[in-house]
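Written out below as structure tokens is the structure these notes cover.
Every number in this text was worked out from the coordinates using simple rules, so none of it is lab data. What you are looking at is a predicted structure, and each value in this text was computed from that prediction instead of being measured. Here the Cβ positions follow ideal geometry from the backbone for every residue, glycine too, while neighbour counts run over all protein chains shown.
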Amino acid sequence: MWDYNDKVMDHFLNPRNVGEVKDADGVGQVGNMSCGDALKLSFKLDKDGKICEAKFQTFGCASAIASSSALTELILGMTLDEAEEVSNKDIVDVLGDLPEAKLHCSVMGMEALQAAIANYRGEESDAEQEDNHEGRIVCKCFSVTDTKIRNTALDNDLHTVEEITDYCKAGGACGACLEEIQDILDGLWKEKKAESTSSKQAEFMAMPLIQRVLKVQEIIDSEVKPMLEQDGGGIDLIDMKDNVVYVKLTGHCASCPSAGITLKSGVEAVLKDCIFPEIVVENV
Amino acid sequence: MTDKKLIYLDNNATTAVDPEVFEAMRPYFCEQYGNPGSIHAFGGSMMSKIEKAREQVSALIGADRKDRHGKFTEVIFTSCGTESDNTAIHSALRVCPKKKKVIMSTVEHPAVLSLGKDLEKRGYPVSYVPVDSRGALDMERYEEMVDTETALVSIMWANNETGNIYPVEKCAEIAHRYGALFHTDAVQAIGKIPCNMSESKIDMLSLSGHKLHGPKGVGALYVRRGIRFRPGQIGGHQERGRRAGTENVASIIGLGEAAEMAMRSIEEENSRIKGLRDRLENGICNSIPKAKVLGDIKNRLPNTTLIGFEAIEGESILMMMDRLGICASSGSACTTGSLEPSHVLRAMGVPYTIAHGAIRFSLSTYNTQEEIDFVIKEMPAIIAWLRKLSPFWKE
């Protein structure tokens with residue numbers, strides 16, 4: 001038995017906006033019978049370009065019906081630009097909460113909305129592109145592509161295979177693709193980490209020299225100095241050139257036989273962590 | 001929620017403990033709590049109670065072989081049907097170490113099927129006998145599969161989802177032709193259809209207490225006298241060393257009582273309960289379009305019907321029924337937490353349009369015609385409402 005909250009039960013038992021909008025401006029259908037759930041969403045715009053009517057038809061479990069109903073309530077009164085920003089999290093927020101294994105129902109809501117907006121604009125939606133062209137089928141049971149797995153992981157910050165199954169069903173049946181999904185996730189997040197590193201570096205290097213120096217000075221004052229002062233040592237920032245920071249160790253540190261270690265695994269590690277990993281520290 | 005009447009039509013999942021069974025068990029918790037293995041009379045006298053229960057269960061399944069002291073020896077008490085199934089299969093593989101092959105059907109309960117998958121991982125060749133669209137076993141394929149390398153065949157007597165009854169005697173005969181042992185998971189069959197092991201070729205049979213108005217947490221494994229056996233659980237000398245662990249005295253006594261009551265009610269099962277099941281089935285199928293009975297209609301348990309409703313999904317149906325106090329089950333994906341329809345429906349090749357909306361009703365002696373008529377009256381509105389929501393439903 002699923003532990004549905006009152007809000008979910010209310011939307012399931014008293015669904016809002018059931019049916020099809022007559023002369024709809026946009027219609028989107030996602031999912032299919034073999035997957036066990038499907039949602040058809042249609043909407044109409046008023047003269048200001050806001051959604052004035054939205055209706056749904058859903059084949060699926062209680063949470064699929066509740067998510068669809070919540071979606072129609074959510075988007076009424078929105079412009080298409082606003083509606084485009086609606087995520088599956090927004091649908092879950094309307095419902096308060098969904099069991100983890102049912103989160104794919106809210107994803108289906110988001111996809112149907114995107115499909116309906118794309119239909120209005122005469123485009124293919126992301127979900128349709130994923131289904132039709134993009135990527136390679138990874139989960140054969142539910143026809144989920146690698147592109148969809150990546151997008152779902154990025155949109156919802158998912159790091160484990162179980163989370164992927166909860167959000168888009170991939171891997172939920174025969175399980176033959178579980179390892180492949182893990183590989184996709186590992187690759188994706190490694191890539192993202194590398195990207196964020198290089199963007200951090202680019203951002204830092206784009207700053208004027210004086211700001212870069214101030215930033216390094218700030219880190220040395222707040223993070224490095226207190227560490228060295230414990231042993232009666234000190235440090236002065238001398239100069240900076242590209243990614244190299246020139247410092248002078250003072251006090252006990254100046255004559256300490258472990259000064260090299262202090263410099264690399266102490267000072268440099270802190271700066272690498274706070275600024276970007278390619279920072280190098282030299283003692284002058 | 002509390003004042004609504006409960007209409008329980010999920011008796012293949014579990015049954016109510018019969019009040020008489022419960023009364024028979026009651027003294028064995030706080031008062032007569034002795035250990036049957038003790039020397040003192042307070043504990044030791046429990047052994048005769050267990051032997052009585054063994055006699056009652058033996059009588060239900062027609063296991064009449066006794067040892068030279070006049071004791072029934074073919075029934076071993078276990079903790080549940082799953083333990084019985086696991087014990088039987090592992091035992092067969094251990095007593096014939098030269099044979100590795102195991103054969104089972106594609107529609108077995110997970111207690112057998114998941115063990116099959118696990119055995120494969122451990123290097124045993126496991127073959128799965130397919131079924132047709134009614135769920136009937138492909139006997140030709142089965143005959144092709146059995147060979148002299150086969151250690152064990154395990155085919156369920158009756159299926160929990162469809163209620164289909166399988167030709168276990170014929171299967172056992174074929175298994176024996178090649179020197180293989182034959183086990184049947186009879187958890188759904190025992191108490192619902194007659195069983196006479198004295199005239200059977202079946203070597204091992206599993207049954208469970210809570211499916212026949214006995215308590216949960218107790219089951220039994222029948223092992224034909226003369227069949228080699230290795231215990232699944234090692235420890236003390238209980239059950240003649242064939243199942244270690246202090247006896248679950250109260251539950252074993254409860255299972256014995258339930259078995260005796262089942263013997264008396266088996267005729268009713270096949271007349272009155274079958275009548276109610278047919279009434280329910282006809283009532284629903286006559287008033288609801290695109291509702292189809294799944295399974296082998298002419299060859300199934302008297303209490304079970306599996307009905308597929310086109311274009312809607314099982315969990316929503318069950319939740320709408322639950323509001324009215326009607327309990328049933330679904331082969332649909334969403335109810336179980338898995339994402340695909342049940343392995344039984346997939347093995348039968350039931351189209352997805354119906355498989356996702358399959359509802360199992362399973363009756364017991366406690367159901368009344370009034371309850372059945374209430375369900376017949378309420379179902380059309382539930383189905384019509386959900387179909388109104390469905391993008392796949394066309395009037």
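Residue by residue through the range B:154-162, which ³J(HN,Hα) values in whole Hz follow from phi under the Karplus form 6.51 cos²θ - 1.76 cosθ + 1.60 (θ = phi - 60°), with glycine and proline marked x?
For the range B:154-162, the Karplus-derived couplings read 10, 10, 5, 6, 9, 7, 5, 8, 8 Hz, x marking Gly and Pro.
Please report the antiparallel percentage of DSSP beta bridges with both residues in chain B, rounded to the nearest 5. Numbers along the way, then the final one.
Values: 24 of 42 bridges.
Percentage antiparallel, nearest 5: 55.
Fewest first, what order do A:S125, A:S196, B:S114 take by the number of other Cβ atoms within 10 Å?
On the way: A:S125 20, A:S196 11, B:S114 14.
Fewest to most other Cβ atoms nearby, the residues stand as A:S196, B:S114, A:S125.
How much mean residue ellipticity at 222 nm does chain B get from its helices, if each DSSP H run of length 4 or more adds -39500 (n - 2.57) and you divide by all residues, to the nearest 500 deg cm²/dmol?
It lands at -11500 deg cm²/dmol.
Kindly provide log₁₀ I(q)/I(0) values, in the same order as q = 0.10 Å⁻¹, from the Debye equation applied to equal alpha-carbon scatterers of the range B:1-119.
One equal scatterer on each Cα of the range B:1-119 leads to -0.54.
What net charge do the residues around B:Q32 carry, taking every other residue with its C-beta under 14 Å from that of B:Q32, with Lys and Arg at +1 and Asp and Glu at -1?
Working: positive: B:R26, B:K49, B:K52; negative: B:E23, B:E31, B:E247.
With Lys, Arg at +1 and Asp, Glu at -1, the neighbours total 0.
GluC sites (Glu not before Pro) within the range A:180-284: which are DSSP loop residues with at most 15 other Cβ atoms inside 10 Å?
Details: sites: A:E180, A:E191, A:E195, A:E203, A:E218, A:E223, A:E229, A:E268, A:E278, A:E282; in loops: A:E278.
Passing sites in the range A:180-284 are A:E278.
Only four residue types carry charge here, +1 at the Cβ of Lys and Arg and -1 at the Cβ of Asp and Glu. Report the dipole size of chain B about the Cα centre in Debye, rounded to the nearest 20.
Numbers: 49 positive and 49 negative charges, 177 e Å.
Here chain B has a charge dipole of around 860 debye.
Fewest Cβ neighbours within 10 Å first, please rank A:L188, B:L306 accordingly.
The fewest-first ordering by Cβ neighbours comes to A:L188, B:L306.
Please report, for the Cα atoms of the range B:37-80, the Rg to one decimal and the Dmax as a whole number; what are they, in angstrom?
Final numbers for Rg and Dmax: 11.6, 33 Å.
If you stretched the chain out fully between A:L154 and A:A202, how much longer would it get, using 0.36 nm times the residue separation minus the C-alpha to C-alpha distance? It would help to have the intermediate numbers written out before the result.
Numbers: separation 48, 0.36 × 48 = 17.28 nm, distance 2.24 nm.
This chain segment gains 15.0 nm when fully extended.
Among the lysines, which have Cα under 22 Å from the Cα of A:K22 when same-chain residues fewer than 8 positions away are ignored?
A:K40, A:K44, A:K47, A:K50, A:K55, B:K388, B:K394
Quote the Stokes-Einstein diffusion coefficient, in whole µm² s⁻¹, for the range A:147-267, based on the Kirkwood radius over alpha carbon pairs, a temperature of 25 °C and a viscosity of 0.890 mPa s.
On the way: Rh = 18.1 Å.
The diffusion coefficient I find is 135 µm²/s.
Can you give the % of DSSP beta bridges in the protein assembly as shown that are antiparallel, to the nearest 5?
On the way: 50 of 73 bridges.
Antiparallel bridges: around 70 percent, rounded to the nearest 5.
Note down the net charge around B:T148, summing +1 for each Lys or Arg and -1 for each Asp or Glu among other residues with Cβ under 13 Å from its Cβ. Write out the running numbers ahead of the final one.
Values: positive: B:K98, B:K99, B:K100, B:K101, B:R177; negative: B:D147, B:E149.
Net charge around B:T148: +3.
Specify whether the C-alpha gyration tensor of chain B places it in the rounded, prolate or oblate class, a ≥ b ≥ c being the square roots of the eigenvalues: rounded for a/c under 1.5, otherwise prolate if a/b is larger than b/c and oblate if not.
Working: a/c = 2.15, a/b = 1.34, b/c = 1.60.
Cα axes put chain B in the oblate bin.
Report the equivalent ellipsoid semi-axes for the range A:1-126 in whole Å, largest first, defined as the square roots of five times the eigenvalues of the gyration tensor built from alpha carbon atoms.
Square roots of five times the eigenvalues give 23, 15, 13 Å.
Among A:L214, A:Y120, B:H210, whose Cα lies farthest out toward the positive end of the dipole of the protein assembly as shown, if unit charges sit on the beta carbon of Lys, Arg (+1) and Asp, Glu (-1)?
Among A:L214, A:Y120, B:H210, the one farthest towards the positive end of the dipole of the protein assembly as shown is B:H210.
Tell me the GluC sites (Glu not before Pro) within the range B:8-43 that lie in a loop according to DSSP and have at most 10 other beta-carbon atoms within 10 Å. Numbers along the way, then the final one.
Details: sites: B:E20, B:E23, B:E31; in loops: B:E31.
In loop regions of the range B:8-43 (DSSP not H, G, I, E or B), the sparsely surrounded GluC sites (Glu not before Pro) are B:E31.
In the protein assembly as shown, if the dipole is taken from +1 on Lys/Arg beta carbons and -1 on Asp/Glu beta carbons about the Cα centre, which of A:N243, A:I137, B:I383 is farthest to the positive end?
The Cα lying farthest towards the positive end belongs to B:I383.
Two decimals is fine: what is log10 I(q)/I(0) at q = 0.10, 0.16, 0.22 Å⁻¹ for the range B:287-395, from a Debye sum with one equal scatterer on every Cα and no solvent?
So the normalised log intensities are -0.27, -0.72, -1.34.
When a/c reaches 1.5 or more, the comparison of a/b and b/c decides; with that in mind, is chain A rounded, prolate or oblate per its Cα gyration tensor? Show your work: numbers first, answer last.
Details: a/c = 2.95, a/b = 2.47, b/c = 1.19.
Prolate, since a/c reaches 1.5 and a/b exceeds b/c.
Over the protein assembly as shown, what lengths in whole Å, largest first, do the semi-axes of the equivalent ellipsoid take, defined as the square roots of 5 times the eigenvalues of the alpha-carbon gyration tensor?
Details: eigenvalues 686, 293, 112 Å².
That gives 59, 38, 24 Å for the three semi-axes.
Calculate, in whole percent, how much of the Cα-Cα pair population of the range B:257-328 lies beyond 14 Å. Don't skip to the end; give the middle numbers.
On the way: 1777 of 2556 pairs.
The answer is 70 percent, as a whole percent.
Here is the link list: A:K89/A:K148; A:K102/B:K192; A:K192/A:K272; B:K100/B:K201. Which ones come out longer than 25 Å on Cα distance? Display every interim value, and only then the final one.
Working: A:K89/A:K148 17 Å; A:K102/B:K192 37 Å; A:K192/A:K272 18 Å; B:K100/B:K201 22 Å.
A:K102/B:K192, as the Cα separations exceed 25 Å there.
Which value in deg cm²/dmol, rounded to the nearest 500, describes the helix-derived mean residue ellipticity at 222 nm for chain A, given -39,500 (n - 2.57) per DSSP H run of n ≥ 4 and division by the residue count? Show your work: numbers first, answer last.
Working: 13 runs with 134 residues, N = 284.
Helices in chain A give a 222 nm mean residue ellipticity of -14000 deg cm²/dmol.
About its Cα centre, how strong a charge dipole does the range B:251-395 have in debye, to the nearest 20, once Lys and Arg get +1 and Asp and Glu get -1 at the Cβ?
Details: 16 positive and 18 negative charges, 102 e Å.
Computed about the Cα centre, the dipole is about 480 debye.
Calculate the dipole size of the protein assembly as shown relative to its Cα centre from +1 charges on Lys and Arg beta carbons and -1 charges on Asp and Glu beta carbons; express the result in debye to the nearest 20. Show your work: numbers first, answer last.
Numbers: 76 positive and 101 negative charges, 689 e Å.
The dipole magnitude comes to about 3300 debye.
Given springs between every Cα pair under 10 Å in a Gaussian network model of chain B, which of B:S208, B:S330, B:S200 has the largest fluctuation?
With Cα springs under 10 Å in chain B, the top fluctuation among B:S208, B:S330, B:S200 is at B:S200.
Per-residue mean of other chain beta-carbon atoms within 10 angstrom of the beta-carbon, peptide A:35-44? Walk me through the numbers before you get to the answer.
Values: counts 5, 12, 6, 4, 1, 3, 1, 0, 0, 0.
Per residue, the average neighbour count from other chains is 3.
Using a 10 Å cut-off around each Cβ, can you sort B:Y366, B:Y352 from fewest to most neighbouring Cβ atoms?
Working: B:Y366 13, B:Y352 16.
Lowest count first: B:Y366, B:Y352.
Just for the range A:1-108, what percent of DSSP beta bridges are antiparallel, to the closest 5? Could you put the intermediate results ahead of the total?
Values: 16 of 17 bridges.
Looking only at bridges with both residues in the range A:1-108, the antiparallel portion is about 95 percent.
Let me make sure I get this right: for the range B:69-142, a, b and c are the square roots of the gyration tensor eigenvalues over alpha carbons, sorted descending. Under 1.5 in a/c it's rounded, otherwise prolate if a/b > b/c, else oblate. Which is it? All intermediate terms of the calculation are to be shown ahead of the outcome.
Values: a/c = 1.92, a/b = 1.46, b/c = 1.32.
In terms of gyration-tensor shape, prolate.
Could you compute the net charge surrounding B:V102? Neighbours are other residues with a C-beta less than 15 Å from the C-beta of B:V102; K and R count +1, D and E count -1. Can you show the working numbers first?
Values: positive: B:R94, B:K98, B:K99, B:K100, B:K101, B:K117, B:K121, B:R122; negative: B:D85, B:E108, B:D118, B:E120, B:D147, B:E149, B:D185, B:D203.
Net of charged neighbours comes to 0.
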